[in-house]
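Chemist: Mind looking over this structure? Questions follow.
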Amino acid sequence: TNSFGAGNADFPPEDPGMYQLNVTLRRGQNLAARDRGGTSDPYVKFKLGRKEVFRSKTVHKNLNPVWEEKASILIDNLREPLYIKVFDYDFGLQDDFIGSAFLDLTSLELNRQTDVTLSLKDPHYPDHDLGSIFLSVLLAPGDQREATMLMRKSWKRSSKNNEEILPSMPYRTGDFWHRIYCPSKYVLMTVGFVSSNKHHGTFQTQSLRLSDLHRKSQLWRGIVSVTLIEGRELKAMDANGLSDPYVKFRLGHQKYKSKIVPKTLNPQWREQFDFHLYEERGGIIDITVWDKDVGKRDDFIGRCQVDLSTLSKEQTHKLEMPLEEGEGYLVLLVTLTASAAVTISDLSINSLDDQKEREEILKRYSPMMMFHNISDVGFLQVKVIRAEALMAADVTGKDSFSKSDPFCVVELNNDRLLTHTVYRNLNPEWNKIFTFNIKDIHSVLEVTVYDEDRDRSADFLGKVAIPLLSIQNGEQKAYVLKNKQLTGPTKGVIYLEIDVIFNAVKASIRTLMPKEQKYIEEEDRLSKQLLLRNFIRMKHCIMALVTAVCYISSCFDWDSPPRSLAAFLV
């Protein structure tokens, strides 16, 4: 990190004040190549302590990327450095680490814009030149009186409702997307913006409850329905002049995989996948085409991207996407629709508790509506209340206590929703309501508890599977968490309250149709148990082979003439 002169040495080391750090991520220079083509797809993370407070967009195939993205971070401890980590994005695989650096906040001068050049390093290879990151930073004192007043004003209410403090919140000014980081001790966040009214060009301030922002960020803005029709003139990857193609889709953390069509260059898939949009400005769907090879790594055929921000909503678009880094086309149907079928809310917002809404739902699935929208079989509401005595997945060295950072994933077929994370708690309270549209009354509701890990995939803590037909409406029950295979219990229980309303005639008709295939692809992780089991199996196979060879050898050596004679006769 560069040296910045006088710095903040005059501040007391335990200064309780708040500061606002405005960071502009400018560009990168001569970054290390992590892909086979001699390039990288870099993006940047800012971390304060153990929390990720900012993540940039990904710049594809560029060792000198330009971001020009801004982040505003509230700081309550200047002695804690801001860590900058750079990764290479790899679709479907674990992202490659490029390098990291840190920004010493105590070396910054107050109210002075400073350009910073950070040299990236890898602790495992300290002598390697991994490139540089260019930033502009401005450290300014925050208004601590206002934050303290807001904290006092809402402390009782937030404690009562057990509100989760989000590490960061996005907002937009001008052409930049900003992200504010709030220290955990503050309950409310104040976001300032300049009014666009010509007659009232004053600086206005909005106070937003974090729970409201959190709820808003969790709701889907819409659903993207992607129908994979076919591929045309794909590249031949096998010796027979053909390929066994399949397609992978990714939007954020949502991943899908199509079926494999063997021995063709013009595959017909006719498969549909639904993605959930959490951001109003859309997103980019990464699509890659692969050739399935048994016993070795699958071959890469090509890739393309669909920019959802360029597509109009409530309309089906037929797209013929040429494959980059390969040959051929993919034919897709893409539809963006508003989402009213699947939602998340706090316990204070309950559709079934509102008499008018309940009557509307009952009317929608009454016998009189049996021929209206056959695919809409019923309505499911799941209250995820709390969990108790969870498994400890994290061990912190500071206080020698074992904790977890649990969150919940609620799944019904291909619909998948998440709660917020409750940090350092083995008895978390979520108090969230999830609603789903039921397409098949024979579906199974799955609720899985994970431990959040910032820099790697989440750890599994437990799971329950509940058939919809076995649910007793309005009854709060404690479910014992089970292992991944649902063959035995693991540690902890989860408290759920579930309601199911459905049309029996529609459900009966749907029973005669094929079961909906679940396309959501789980992260591939190395399992120690599976590795040990396969090792034991290989050991048994090798021992059996060695025994067979010894037996045949003894027959040729005539160690036992009757046995050798019988063996040769056979």
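Chemist: I'm trying to understand the selection: among the residues of the range 418-435, which are surrounded by 22 or more Cβ atoms within 10 Å (Cβ to Cβ) and among the basic types (Lys, Arg)?
Modeler: Within the range 418-435, just 432 meets the criteria.
Chemist: Can you run down the residue pairs with Cβ atoms below 8 Å, 6 or more apart or on separate chains, where the first is in the range 290-313 and open to solvent by less than 60 Å² (accessible area, probe 1.4 Å) and the partner is at pLDDT 90 or above and among the small types (Gly, Ala, Ser)?
Modeler: 291/243; 299/243; 301/243; 301/328; 302/328
Chemist: Being loosely packed, with under 11 Cβ neighbours inside 10 Å, farther than 30 Å from residue 46 by Cβ and at pLDDT below 85 narrows it down to one residue among 528, 515, 539; which is it?
Modeler: Answer to the check: 528.
Chemist: Say we look at the range 542-560 and pick out the residues that are polar (S, T, N, Q) and part of a helix (DSSP H, G or I); which of these is least open to solvent (accessible area, probe 1.4 Å)?
Modeler: So, considering only residues that are polar (S, T, N, Q) and part of a helix (DSSP H, G or I), the one least open to solvent (accessible area, probe 1.4 Å) is 554.
Chemist: Now a separate question. Only one residue in 482, 491, 477 is in the same structural domain as residue 370 (by the TED database), surrounded by fewer than 18 Cβ atoms within 10 Å (Cβ to Cβ), under 30 Å from residue 49 (Cα atoms) and basic (Lys, Arg), so which one is that? Step through it out loud before you land on a result.
Modeler: Numbers: 482 fails: under 30 Å from residue 49 (Cα atoms); 477 fails: under 30 Å from residue 49 (Cα atoms).
Exactly one of 482, 491, 477 is in the same structural domain as residue 370 (by the TED database), surrounded by fewer than 18 Cβ atoms within 10 Å (Cβ to Cβ), under 30 Å from residue 49 (Cα atoms) and basic (Lys, Arg), namely 491.
Chemist: Please state which one of 415, 405 is out of contact with any helix residue (DSSP H, G or I) (no Cβ under 8 Å at 6 or more places or on another chain), over 21 Å from residue 361 (Cα atoms) and buried (at least 17 other Cβ atoms within 10 Å of the Cβ). Quick ask: steps written out before the conclusion?
Modeler: Numbers: 415 fails: over 21 Å from residue 361 (Cα atoms).
Sole residue among the options that is out of contact with any helix residue (DSSP H, G or I) (no Cβ under 8 Å at 6 or more places or on another chain), over 21 Å from residue 361 (Cα atoms) and buried (at least 17 other Cβ atoms within 10 Å of the Cβ): 405.
Chemist: Continuing with this model, one more query. For the range 56-76, give me each residue that is more than 15 Å from residue 30 (Cα to Cα), without any contact (Cβ under 8 Å) to a residue 40 or more places away in the chain and surrounded by fewer than 18 Cβ atoms within 10 Å (Cβ to Cβ). Spell out the reasoning first.
Modeler: To start, the set of residues in the range 56-76 that are more than 15 Å from residue 30 (Cα to Cα) comprises 56-58, 68-76.
Next, only the ones that are without any contact (Cβ under 8 Å) to a residue 40 or more places away in the chain stay: 56-58.
57, the sole residue that qualifies.
Chemist: Under the condition of being within 18 Å of residue 91 (Cβ to Cβ) and charged (D, E, K, R), which residue from the range 25-44 is most open to solvent (accessible area, probe 1.4 Å)?
Modeler: 36
Chemist: Another question, if that's okay. With 287, 260 as the choices, which residue is closer than 30 Å to residue 412 by Cβ, in the same structural domain as residue 330 (by the TED database) and in contact with a Cys (Cβ under 7 Å, 6 or more places away or on another chain)?
Modeler: When all the criteria are applied, what remains is 287.
The values are calculated or read from the model by the stated rules, or taken from the named source; none is laboratory data. Just so you know, these numbers come straight off a predicted model, no measurement behind them. For neighbour counting, all protein chains shown are included, and Cβ atoms are generated from backbone atoms with ideal geometry for every residue, glycine included. Areas reflect the complete protein model, heavy atoms only, side chains present, ligands, DNA and RNA absent. Shrake-Rupley method; radii C 1.70, N 1.55, O 1.52, S 1.80 Å.
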